[in-house]
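Asks: The structure is given below, and queries will be raised subsequently.
Values in this text are rule-based calculations from the coordinates and carry no lab data. Here the structure is a predicted model, which means the values were calculated and not measured. We place every Cβ from the backbone using ideal geometry, glycine too, and count neighbours over all the protein chains shown.
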Amino acid sequence: MKRLLRAFSLRSLRVWQRNRDVYFVTWKTNLVPPLLEPILYLLAFGAGIGALVKTVPYRGEMIGYTQFIAPGLLAAQVMFQAFFETTYNTFVRMYYQRTFDAIVTTPLSLEDVMAGELLWGATKGTIGCGVMMVAISFFGLIHYPQALVIIPFSFLAGLFFAGLGLCFTGLVPQIDAFNFPVFLFIMPMFLFSGTFFPLDVLPRWAQLLAEILPLTHVSHVMREACLGRLPGRLLGSVAYLVVITVPLALLGITLMRRRLVK
Amino acid sequence: MSIVITAKGLCKSYGDLVAVGGIDFAIRAGECFGFLGPNGAGKTSTVKMIHCFAPITSGSLTVFGIDVKEDPRSIKARIGVCQQEDNLDPDFSVAKNLTVFARYFGIPAPEAARRAQELLEFMGLWERRNDGIRQLSGGLKRRLVIARALINRPDLLILDEPTTGLDPQSRHQVWDRVRTLRKQGKTILLTTHYMDEAQTLCDRLVIMDHGKILVEGPPTELVRRGVGKEVVEVWGAPPGLADHARQSGWTFENDTDQVLIYTDHGEAIFREIAGRFPAERCTVRTAGLEDLFLKLTGRELRE
């Protein structure tokens, strides 16, 4: 453990900078998903399902359906951006571009590189969330300034999903194998974490199960913040995320070391 | 003369596979030292241990007097590594590849830009500085990887098979740059399986096979010691020649359709053979590293 901690340094920010620079080279394509995705969802669900379901019960009051799903989309955006970054994109850098092989010949340790990847994954989650917030704000679905807490919070949430992604990158034999974690963990979380419907409608056991899902807590915090209700029950969710993120991130880095250093 | 790398009883195993099986060598400051060997000889494993990526299994290895297990960061700050596979950043331009790499060493941006220009000019890439990596030929990519390995002004430059897969023009370009660096006094470690490359570039070299060092020394001296000055090549395997060679006490090798005689007196043997054995073709040539290499590592196919 002590050796693991000694392997980290601030040089991991160099890897973050490298990824940021690549992001800016290809920024036009990078901004399409977070800008257009919420608009498509809000149109389809707002005008489509929203025509049938005008309001939903949420914690003792009725709120508009689009009002309900908008924060859920923000939460899902953080998850997708961060998880896909440290799975597919990290895998491409590791395996196809051999980027890490080059970086570890410099004073950076492998742990620095992986920490940089995690920080960048979290940053991408934050950027995605921030851009999406701008788009959603035009629909008048976000209460400012309370909702601004979403920005730092999305970094924490992003770090969790980046850590989760890195674990799988340390394990998968080939890039196609990411289909398993995507359809076993990410898609179920997307659908059952209170993104599209309030969890209260589920049977009690399913609610308890949903409470374990990290995305449930992310959605919850985003929703309370969008509705302008703070801090409420937020601290529990934040603490839960911190507690699961730290070991997961360290596990991801350890798995990557095991994979790369022979 | 000061020693840059010292290895004693250095071993590297991957599970049951022994890649490097206890080798000793010392590389001096300012020399170009070569690791020559067939695929799978243990060259790249050795290189990976030197740049502190692969942990050593046993033995000891110090670079600049620092134990690789103790302080990899300090070692890596002072070396430049050109790996076998091209691992340039495909999303960055030629120049940006260098400045981003400089950042890993903590070189400030203005200084990085200066060094990048200097290195791109040295490698003949300045005109291409704004091009994307995908637009570069194999030879240009290789030159850029070497330039990148020089961005931190390393005290030791490691070139792992720097010309594998390049066309003859590109190879000579790379050799020319490496020779210039050697003249400037840079310590260079080179791995290769090209004999001509080792012969022209290396002051000293080792020939490795199956994780062991077979011989060590300056290339010309090794050839002289191992095979002699000249080689008489006789094609078409004339009957009776092998017996005659054995009786005469020559060092020779009998291949399917070719007899090779290693000697210091090529001219005399040539005349003797030409008079007595009707050969398809018989030539005398200077012995080279390849003769020594094949003598030591055999002629069978590898892998």
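Asks: Need one value for B:105-113: mean number of C-beta atoms belonging to other chains within 10 Å of its residues' C-beta atoms.
Replies: 1
Asks: Quick check: the angle from helix A:65-84's long axis to the longest principal axis of chain A, C-alpha only, nearest 10 degrees?
Replies: Orientation of helix A:65-84: about 10 degrees from the principal axis.
Asks: Treat every Asp and Glu Cβ in chain A as -1 and every Lys and Arg Cβ as +1, leave all other atoms uncharged, and give the resulting dipole magnitude about the Cα centre to the nearest 20 debye.
Replies: Once rounded to the nearest 20, the dipole reads 700 debye.
Asks: Put +1 on the Cβ of each Lys and Arg and -1 on the Cβ of each Asp and Glu in the stretch B:219-303; which of B:237, B:262, B:294 then has its Cα farthest toward the positive end of the dipole?
Replies: Of the options given, the answer is B:262.
Asks: May I ask which residue of B:275, B:165, A:119 lies farthest towards the positive end of the charge dipole of the protein assembly as shown, with charges of +1 (Lys, Arg) and -1 (Asp, Glu) on Cβ and the Cα centre as origin?
Replies: Checking the options against the dipole of the protein assembly as shown, the answer is A:119.
Asks: How far is it, in nm, from the label point at residue A:204 to the one at residue A:138 when both lie 7 Å from their Cα along the line to the Cβ?
Replies: Simple spin-label model gives 4.6 nm for this pair.
Asks: In addition: Shielding by partners for A:94-100, please: the mean number of other protein chain Cβ atoms within 10 Å of each residue's Cβ.
Replies: Going residue by residue through A:94-100 and averaging, the value is 3.
Asks: Please list, in order along the stretch B:14-22, the HN-Hα scalar couplings obtained from phi with the Karplus expression 6.51 cos²θ - 1.76 cosθ + 1.60 (θ = phi - 60°), rounded to whole Hz, x for Gly and Pro.
Replies: Residue by residue, the stretch B:14-22 yields 10, x, 7, 7, 8, 8, 10, x, x Hz.
Asks: Right, next: Quick one: length gained pulling residue A:211 to residue A:24 fully straight, 0.36 nm per residue minus the C-alpha distance?
Replies: Residue separation times 0.36 nm, minus the Cα-Cα distance, leaves 63.6 nm.
Asks: With θ taken as phi - 60° and the coefficients 6.51, -1.76 and 1.60, list the Karplus ³J(HN,Hα) couplings across the stretch B:192-199 in order, rounded to whole Hz; mark glycine and proline as x.
Replies: In residue order, the calculated couplings are 6, 10, 9, 5, 4, 5, 5, 4 Hz.
Asks: If only Cα atoms are counted, what is the Rg of the protein assembly as shown, and what is its Dmax, in Å?
Replies: 31.3, 112
Asks: Here's a follow-up. Taking a virtual spin label 7 Å from the Cα of residue B:294 along the C-beta vector, which residues in the stretch B:257-282 bring their backbone nitrogen under 17 Å of it?
Replies: Zone members listed by number: B:257-263, B:280-282.
Asks: How many Cβ atoms of partner chains, on average, are near each residue of B:92-98 if near means within 10 Å of its Cβ?
Replies: Averaged over the peptide's residues, the number is 1.
Asks: Rounding to the nearest 10 and keeping the result within 0 to 90°, find how far the Cα-based axis of helix A:150-171 lies from the longest principal axis of chain A.
Replies: Roughly 50 degrees, rounded to the nearest 10.
Asks: Sequence-distant or interchain residues sharing an amide H contact under 5 Å with residue B:214, placed H: which?
Replies: Close amide H contacts, sequence-distant or interchain: B:207, B:208, B:209.
Asks: Can you list the HN-Hα couplings for the stretch A:30-46, worked out from phi with the Karplus curve (6.51, -1.76, 1.60; θ = phi - 60°), rounded to whole Hz and with x for Gly and Pro?
Replies: Once θ is set to phi - 60°, the couplings for the stretch A:30-46 become 5, 8, 4, x, x, 7, 8, 4, x, 5, 5, 4, 5, 5, 5, 7, x Hz.
Asks: Any chance you could run the full-extension gain for residue A:238 through residue A:54? It's 0.36 nm times the residue separation minus the Cα-Cα distance, nm to one decimal.
Replies: Working it through step by step, the gained length comes to 63.2 nm.
Asks: Put one equal scatterer on each alpha carbon of the stretch B:206-303, apply the Debye formula with no solvent term, and list log10 I(q)/I(0) at q = 0.17, 0.20, 0.21, 0.23 1/Å to two decimals.
Replies: At q = 0.17, 0.20, 0.21, 0.23 Å⁻¹ the computed log10 ratios are -0.76, -0.98, -1.05, -1.18.
Asks: If you don't mind, another one. Considering every Cα-Cα pair within the stretch A:59-212, what fraction, in whole percent, is farther apart than 18 Å?
Replies: Across the stretch A:59-212, Cα pairs with separations above 18 Å total 63 percent.
Asks: Quick check on packing: order A:71-83, B:40-52 by the mean number of other C-beta atoms within 10 Å, highest mean leading.
Replies: Most protected by this proxy first, the peptides run A:71-83, B:40-52.
Asks: In addition: The stretch B:152-171 to the stretch A:193-262: how many Å between their Cα centroids?
Replies: Between the Cα centres of the stretch B:152-171 and the stretch A:193-262 lies a distance of 49 Å.
Asks: Kindly list the residues of the stretch B:39-66 that lie in the label zone of residue B:24, defined by a backbone N under 16 Å from the point 7 Å along the Cα-to-C-beta vector.
Replies: Of the residues in the stretch B:39-66, B:59-62 have backbone N under 16 Å from the label point off residue B:24.
Asks: Any chance you could check the Cα centroid distance between the stretch A:91-107 and the stretch B:54-78 for me, in angstrom?
Replies: Each part reduced to its Cα centre gives a spacing of 20 Å.
Asks: Does anyone have the angle between helix A:214-226 and the longest principal axis of chain A? Alpha-carbon axes, 0 to 90°, nearest 10?
Replies: Between helix and principal axis, roughly 50 degrees.
Asks: Using the structure shown, list the pairs from A:262/B:43; B:48/B:96; B:8/B:69 with a Cα-Cα distance above 18 Å, or answer none.
Replies: Those over the limit are B:48/B:96.
Asks: Moving on to the next point. By the scheme Lys and Arg +1, Asp and Glu -1, what is the net charge of all other residues having a beta-carbon under 15 Å from that of residue B:225?
Replies: Cβ neighbours under 15 Å give a net charge of -1.
Asks: Sorted by average packing, counted as other Cβ atoms within 10 angstrom per residue and highest first, what order do B:149-158, B:95-104 take?
Replies: The densest-packed peptide leads the list: B:95-104, B:149-158.
Asks: Another question, if that's okay. Show the residues, 5+ positions off or on another chain, whose built amide H is closer than 5 Å to the amide H of residue B:158.
Replies: Residues meeting the criterion, in which the H sits 1.01 Å from N, are B:80, B:81, B:82, B:189.
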